1. For the range 148-157, just list the computed ³J(HN,Hα) in residue order, Karplus coefficients 6.51, -1.76 and 1.60, θ = phi - 60°, integers in Hz, with x standing in for Gly and Pro.
2. Note the full-extension length gain between Tyr29 and Ala140 as 0.36 nm times their separation in residues minus their Cα-Cα distance, in nm to one decimal.
3. Hey, what do the phi angles of the range 47-58 turn into as Karplus ³J(HN,Hα) couplings, whole Hz, using 6.51/-1.76/1.60 and θ = phi - 60°, x for Gly and Pro?
4. What's the exposure ranking of His101, His154, going from fewest to most Cβ atoms within 10 Å?
5. Would you mind ranking Leu120, Leu98 so that the residue whose beta carbon has the fewest other beta carbons within 10 Å leads the list?
6. For the residues Lys169, Lys145, what sequence is obtained by ranking on other C-beta atoms within 10 Å, fewest first?
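No lab work stands behind these numbers, since they all come straight from the coordinates. All figures in this text were calculated on a predicted structure; none of them were measured in a lab. Positions of Cβ are backbone-derived with ideal geometry, glycine not excepted, and every protein chain shown enters the neighbour counts.
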Amino acid sequence: MQNPKPDTSQLGTLPRWIFMSRWLQAPLYIGLIAAQALYVWQFWRELMHLIAEMTANNITEAQIMLIVLGLIDVVMISNLLVMVIVGGWETFVSRLDLQNHPDQPEWLSHVNAGVLKVKLATAIIGISSIHLLQTFINAAKLEEKTMMWQTIIHLTFVMSAVAIAYTEKLTQSTPRSHRPGAVAGDTQTDH
């Protein structure tokens, strides 16, 4: 059963304009779609570079691994973009009404701002892990200071993601009656 469209005719002029201002984000999401198209182009350039190097027979296993890690990095960033575009649109702009669509991503059915933050943080950790792996493969060519700082930055991402996830868990386990704007007596938690 579909949710009926809310009646916004009761809203005053200022609240209606404030509510409509969410559409100012639409060009931002369209820009992210354009950025994703650039990542697709970058992926194919890197793949063609790998194929060209392989046919020339002058490539080492480490070089293949670095190029493949670069491809994985592009895919992970593209996945991050999809999460931000689809999840952000659904959360902050307008519903996509994909409930009965066979290709609806599983995670979209329970996305909210908190879940989106946790998913983004874990995606950033994945991307950072790829960069760190590339650094360690190239360790002989890099300064120890560079590797140390990349490791520290990666661990900072990990600790930040844990803190975000823990904070989100605490927020979700707080009864609604203790949250601002909650109806007294309503003790259900959001899922």
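1. Values, residue by residue: 4, 5, 5, 5, 4, 5, 4, 5, 5, 4 Hz.
2. Numbers: separation 111, 0.36 × 111 = 39.96 nm, distance 4.05 nm.
Gain in length upon complete extension: 35.9 nm.
3. Values per residue, Gly and Pro as x: 5, 5, 5, 4, 4, 4, 5, 5, 6, 7, 6, 10 Hz.
4. Placing the least packed residue first, the sequence is His101, His154.
5. Ordered from fewest to most neighbouring Cβ atoms within 10 Å, Leu120, Leu98 come out as Leu98, Leu120.
6. Taking fewest neighbouring Cβ atoms as first place, the list is Lys145, Lys169.
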